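Inspection log for the structure reproduced underneath, given as structure tokens.
The values are calculated or read from the model by the stated rules, or taken from the named source; none is laboratory data. Being a predicted model, the structure only gives us computed values, none of them experimental. Positions of Cβ are generated from backbone atoms using ideal geometry, with glycine treated the same way; all protein chains shown enter the neighbour counts. Heads up: the accessible areas ignore ligands, DNA and RNA and are worked out on the full protein's heavy atoms, side chains in. Shrake-Rupley method; radii C 1.70, N 1.55, O 1.52, S 1.80 Å.
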Amino acid sequence: MPGLLSLPALCQFLLPWAFTIFHKALGDSAPHPSPHYLLPPIHEVIHSRRGATATLPCVLGAQPPSYKVRWSKVEPGELREVLILVTNGLHARGYGPLGGRARMRRGHRLDASLVIEGVRLEDEGRYRCELINGIEDESVALTLSLEGVVFPYQPSRGRYQFNYYEAKQACEEQDGRLATYAQLYQAWTEGLDWCNAGWLLEGSVRYPVLTARAPCGGRGRPGIRSYGPRDRHRDRYDAFCFTSMTAGHVFFVPGRLTLSEAHAACRRRGATVAKVGHLYAAWKFSGLDQCDGGWLADGSVRFPITSPRPRCGGLPDPGVRSFGFPRAQQAAFGTYCYSE
């Protein structure tokens, strides 16, 4: 009958389809034309804390005859990769500022994992383990994430004084670094509500809104409001800084002190006047709760609250309250000291 397939032709048509279904049922994937040596990581995000030792896993499923493994870090604010370490399986060489704290784990002959000792704030971010074997290069990407806290920052001159590079420097001076968008988003989910726009590490300008209101971008939905990418040299905003757990501790010294007297009071106790990042880290990780304004190193006066109460700042949520930047000669506050 015209239009009907013969039995041999029908088998030729159906067999490839049948074998495909059979392999899918077994969970087999189609063979790749060339070998893949790097195993996919079980966890793509590695969580750590400042000062800890972090391991970024990179493991070979088989060993190529000749190869190199290249570790690098992607810097989002600068749109470049920074070389960290290169190994041929026998010898390794470190590069750049991270090289002195980075080494290979060498748990076995197929282990190319990177170990970072004494993790710092600037170590957070995205890393790439690249296998170079001269045939087909492969890579896996991992993210090192630090537990921390985001705080908005502006200088004594008032709001919107920083270009991007000044904002970056200001965060570093306060024991922090510019926050990433992911860190700001996490802080927003934890309660950060701030109307002033600030720089982020990627070069964008945003601000988090939990309670939508007319003076804070309108009465739309809550979220992270964005100004988009801005000119890093010309445009001026505040900064959103990120800090993590510190090695030292913060303590309060009561009194009616000027700023210079606050420095002297901390020195007598073998400490220094705390930075803004120190106070936020103590509030976040140590539960510091002190209903007294105290001088900080930048000349601001603040106090940390973990248990809100009516006569202690008046706000319903925990946080670090600010009196702004009083005159340095004003003898009206205690001080927060930081000791390693």
* **Karplus-derived HN-Hα couplings along the range 217-229 (A = 6.51, B = -1.76, C = 1.60, θ = phi - 60°), whole Hz, x at Gly and Pro** => x, x, 9, x, 6, x, x, 9, 7, 10, 9, x, x
* Go through 58-69, 321-332 and give me the packing order, highest mean Cβ count within 10 Å leading. => 58-69, 321-332
* Can you list the aspartates and glutamates whose alpha carbon sits under 14 Å from that of K284, skipping same-chain ones fewer than 8 residues off? -> E147, E190, D317
* aspartates and glutamates whose Cα lies under 12 Å from that of K275, excluding same-chain neighbours fewer than 8 positions away -> E172, E173, D175, D298
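Leaving out ligands, DNA and RNA, what percent of the accessible area of the chain is carbon and sulfur, probe 1.4 Å? Each step should come with its number before you reach the end.
On the way: 10120 of 18360 Å².
About 55 percent, which is the carbon plus sulfur part of the accessible surface.
Add -39500 (n - 2.57) for each DSSP H run of 4 or more in the chain, then divide by its residues: what number comes out at 222 nm, to the nearest 500 deg cm²/dmol?
Calculated mean residue ellipticity at 222 nm is -5500 deg cm²/dmol.
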* To do: Find how many whole Å separate the alpha carbon centroid of the range 266-337 from the alpha carbon centroid of the range 78-151.
  => 38 Å
* Asked: In terms of modelled amide H atoms, which long-range or inter-chain residues lie less than 5 Å from the amide H of T143?
  -> V45, I46, Y127
* How big, in percent, is the set of alpha carbon pairs in the chain lying more than 25 Å apart? -> 63 percent
* Heavy atoms only, probe 1.4 angstrom, no DNA, RNA or ligands counted: give me C129, C195 ranked by accessible area, highest first. => C195, C129
* **Table column - 3J(HN,Hα) (Hz), the range 300-306, Karplus curve with 6.51, -1.76, 1.60, x for Gly and Pro** => 8, 10, 9, 8, x, 10, 9
* Distance (nanometres) between label positions extended 7 Å along Cα→Cβ at D137 and A212 -> 4.6 nm
* the range 150-155 - phi-based ³J(HN,Hα) in whole Hz, Karplus 6.51/-1.76/1.60, Gly and Pro as x -> 9, 9, x, 9, 9, x
* Structure fact -> Amide H proximity to T335 below 5 Å, modelled H, separation 5+ or other chain, gives V253, W295
* **Within the range 148-243, percent of DSSP bridges classed antiparallel, to nearest 5** => 90 percent
* Taking 0.36 nm per intervening residue step and subtracting the Cα-Cα distance, what contour gain separates V45 from Y95 on full extension? -> 15.7 nm
* Asked: Per the Debye formula with a single identical scatterer at each Cα and no solvent contribution, what log10 I(q)/I(0) holds for the range 245-339 at q = 0.17, 0.21, 0.26 Å⁻¹?
  -> -0.65, -0.97, -1.36
